[in-house]
Amino acid sequence: MNLKKKHRPGETFIQAFLYFCGIFSIFTTIGIVFEIGKEALLFFGSPGVSLWEFLTGTTWQPQVGEFGVLPLVTSTFITTFFAMLIAIPFGLAIAIYLSEYATIKVKNTIKPILEVLAGIPTVVYGYFALSFMTPILRSIFGADVVDIYNTASAGLVMGILILPLITSMSEDALSAVPRSLREAAVGLGATKLETAVKVVFPAAISGIAAAIIVGISRVVGETMIVALAAGAGPKFTFNPFEGAETMTGHIVRISGGDLSYDSIDYNSLFAIGILLFFITLGLNIISQRIVSRFREVGE
């Protein structure tokens with residue numbers, strides 16, 4: 001018997017191609033960060049601009065020398081909060097149902113519907129928030145309380161947007177739990193609900209936590225919904241029924257205007273962009289730590 005390793009040119013080519021794809025993705029990311037960072041440094045190097053004022057100031061008006069990004073950040077996190085208020089409970093409930101209760105026929109029916117939700121253009125979601133969700137909020141809380149453009153309606157609709165993402169990832173995590181754990185719980189007298197909530201859910205918590213963090217990252221970077229429904233103009237407010245501009249919404253609005261290249265307004269967009277990058281990077285790092293920690297506990 002010849003145990004000598006055979007030379008397979010096709011396998012070598014595939015391995016080299018996959019290696020090239022990995023290297024290409026890394027250098028693409030580095031290039032994007034480099035370009036954004038280079039323009040952001042021009043903003044922070046401008047007279048009258050300081051990093052401390054940028055991170056702690058409550059007024060964003062670059063035209064008059066006010067560079068506090070907090071109004072944009074707070075609006076972004078308010079819309080994110082309302083999005084997760086919808087996406088987390090409904091997404092986890094659907095995931096548990098699909099994993100533990102649904103038959104194959106029902107699962108094959110519900111999953112394509114969720115995929116249709118994921119395939120709807122975000123600009124359609126934006127008009128849906130403006131023409132459907134906002135009137136509902138105004139009828140419930142009053143037209144004098146809820147502005148036509150408000151962060152609550154934008155956030156709620158973004159929750160619908162990421163519902164398929166959280167549902168799919170959570171359902172995969174729940175389905176990956178060994179069947180032996182379910183059988184052991186049932187053998188001890190646990191009901192189906194107790195098995196799902198007290199056995200399967202804790203065992204899949206690392207994947208579920210990762211799904212939630214990925215969903216938050218997706219919402220933070222969403223653009224068209226907030227650009228259409230949340231409002232225009234930076235406003236430092238914690239009232240979700242008032243119009244306020246998020247970071248991505250501000251970038252869209254300002255970049256669509258007549259900005260002169262290398263002006264302070266133009267460079268400020270890259271400063272907001274690099275802040276968005278660090279926020280999503282931080283969320284991804286938190287996700288990895290949560291996953292690794294719960295994986296260690298499970299082991």
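The values are calculated or read from the model by the stated rules, or taken from the named source; none is laboratory data. Please read these numbers as outputs of a predicted model, since none were measured by experiment. Every residue, glycine as well, gets a Cβ built from its backbone with ideal geometry; the counts of neighbours run over all protein chains shown.
Identify, by number, the condition in (1) part of a helix (DSSP H, G or I); (2) free of Cβ contacts under 8 Å to residues at least 12 places away in the same chain that residue 190 doesn't meet.
In the conditions (1) part of a helix (DSSP H, G or I); (2) free of Cβ contacts under 8 Å to residues at least 12 places away in the same chain, residue 190 misses (1) alone.
Any residue at all in the stretch 61-71 that is under 23 Å from residue 218 (Cβ atoms) and part of a helix (DSSP H, G or I)? Outline the logic, then answer.
In the first step, residues of the stretch 61-71 are kept if they are under 23 Å from residue 218 (Cβ atoms); the result is 69-71.
Among the residues that remain, those that are also part of a helix (DSSP H, G or I) are: 70-71.
Among the residues of the stretch 61-71, at least one is under 23 Å from residue 218 (Cβ atoms) and part of a helix (DSSP H, G or I), which makes the answer yes.
Counting only residues that are touching a Phe, Trp or Tyr at 6+ places or on another chain (Cβ under 6 Å) and modelled with pLDDT under 90, which one in the stretch 205-230 is surrounded by the most Cβ atoms within 10 Å (Cβ to Cβ)?
Initially, the stretch 205-230 is screened for residues touching a Phe, Trp or Tyr at 6+ places or on another chain (Cβ under 6 Å), giving 205-206, 225.
Within this subset, residues satisfying the condition of being modelled with pLDDT under 90 are 205-206.
Details: 205: 18, 206: 20.
Of everything passing the filter in the stretch 205-230, 206 is surrounded by the most Cβ atoms within 10 Å (Cβ to Cβ).
Mind checking whether some residue in the stretch 167-178 is over 25 Å from residue 109 (Cβ atoms) and outside any helix (DSSP H, G or I)?
Yes, there is a match, as at least one residue in the stretch 167-178 is over 25 Å from residue 109 (Cβ atoms) and outside any helix (DSSP H, G or I).
Just the residues that are hydroxyl-bearing (Ser, Thr, Tyr) and either buried (at least 19 other Cβ atoms within 10 Å of the Cβ) or modelled with pLDDT of 90 or more (or both), please, taken from the stretch 169-182.
Answer for the stretch 169-182, where residues must be hydroxyl-bearing (Ser, Thr, Tyr) and either buried (at least 19 other Cβ atoms within 10 Å of the Cβ) or modelled with pLDDT of 90 or more (or both): just 170.
Find the residue count for the stretch 209-247, including only residues that are touching a strand residue (DSSP E or B) at 6+ places or on another chain (Cβ under 6 Å) and among the acidic types (Asp, Glu). First the steps, then the outcome.
Here is the first cut: in the stretch 209-247, the ones touching a strand residue (DSSP E or B) at 6+ places or on another chain (Cβ under 6 Å) are 234.
Narrowing the set further to residues that are among the acidic types (Asp, Glu) leaves none.
Going through the stretch 209-247 one residue at a time, the tally reaches 0.
Can you go through 5, 38, 105 and tell me which one is modelled with pLDDT under 85 and either over 30 Å from residue 210 (Cβ atoms) or assigned to a helix (DSSP H, G or I) (or both)?
Going through 5, 38, 105 in turn, the sole match is 5.
Out of all the residues in the stretch 248-268, is one or more among the hydrophobic types (A, V, I, L, M, F, W, C) and either touching a strand residue (DSSP E or B) at 6+ places or on another chain (Cβ under 7 Å) or at pLDDT 90 or above (or both)?
no
What is the one condition in (1) modelled with pLDDT of 85 or more; (2) under 21 Å from residue 156 (Cα atoms); (3) surrounded by fewer than 17 Cβ atoms within 10 Å (Cβ to Cβ); (4) not hydroxyl-bearing (Ser, Thr, Tyr) that residue 233 does not satisfy?
Unmet condition: (1).
Can you tell me which residue among 69, 49 is surrounded by 14 or more Cβ atoms within 10 Å (Cβ to Cβ) and under 21 Å from residue 246 (Cβ atoms)?
The match here is 69.
Out of 118, 152, 93, report the one residue that is of a type in the set (Gly, Ala, Ser) and buried (at least 17 other Cβ atoms within 10 Å of the Cβ).
On the way: 118 fails: buried (at least 17 other Cβ atoms within 10 Å of the Cβ); 93 fails: buried (at least 17 other Cβ atoms within 10 Å of the Cβ).
Being of a type in the set (Gly, Ala, Ser) and buried (at least 17 other Cβ atoms within 10 Å of the Cβ) holds for just one of 118, 152, 93, which is 152.
Search the stretch 261-290 for residues being hydroxyl-bearing (Ser, Thr, Tyr) and either touching a Pro at 6+ places or on another chain (Cβ under 8 Å) or within 19 Å of residue 44 (Cβ to Cβ) (or both), and hand back the single one that is surrounded by the most Cβ atoms within 10 Å (Cβ to Cβ).
Filtering first and then ranking leaves 268.
Does the stretch 98-113 contain any residue that is in contact with a strand residue (DSSP E or B) (Cβ under 6 Å, 6 or more places away or on another chain) and aromatic (Phe, Trp, Tyr)?
No: zero hits.
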